[in-house]
Amino acid sequence: MAALRPRVYVPPPVPELCAALEPLETHEAAPFLARLATVDLYWPSHRHLSAEVAARAAERAVSLLGPDGSWWTNHDEACGAVNGVSPFLDSVVAGTDGEYFVVALQVAPD
């Protein structure tokens, strides 16, 4: 029996990653972050955090970057799907104010 070699993941180039992300308005970032922290990908009725706890944490994260923060996601709300940033991430929301970063990842085994 041949030995199994681990797969090596090579991320796409930065321009390709940037093209795969959709911008989020600052006022949309907290509800989006809260949803990622609350809902399970496979079992939407299962809650990881209560909606109240997730909303408070998300509001705090967004407030730390301020109103001029920039936000992106791999969700395409127009078609309700996730575009493939990588084979490992099912959902991502990322924000920055140019100095600090917030990144939320939601993963589930395939």
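The values are calculated or read from the model by the stated rules, or taken from the named source; none is laboratory data. Fair warning: this is a prediction, and the values are worked out from it, not measured in the lab. Positions of Cβ are backbone-derived with ideal geometry, glycine not excepted, and every protein chain shown enters the neighbour counts. Each accessible area value is taken on the protein alone, full model and side chains, heavy atoms only, with ligands, DNA and RNA left out. Shrake-Rupley method; radii C 1.70, N 1.55, O 1.52, S 1.80 Å.
Show me the ranking of peptides 54-60, 95-101 by mean Cβ neighbours inside 10 Å, starting with the highest.
Top of the packing list down: 54-60, 95-101.
Leaving ligands, DNA and RNA out of it, report the carbon-plus-sulfur percent of the accessible area of the range 1-72 at a 1.4 Å probe.
In the range 1-72, the share of accessible area belonging to carbon and sulfur is 62 percent.
Can you tell me the order of 63-74, 28-39 when each peptide is scored by its average per-residue count of other Cβ atoms within 10 angstrom, highest first?
Top to bottom by mean Cβ count within 10 Å: 28-39, 63-74.
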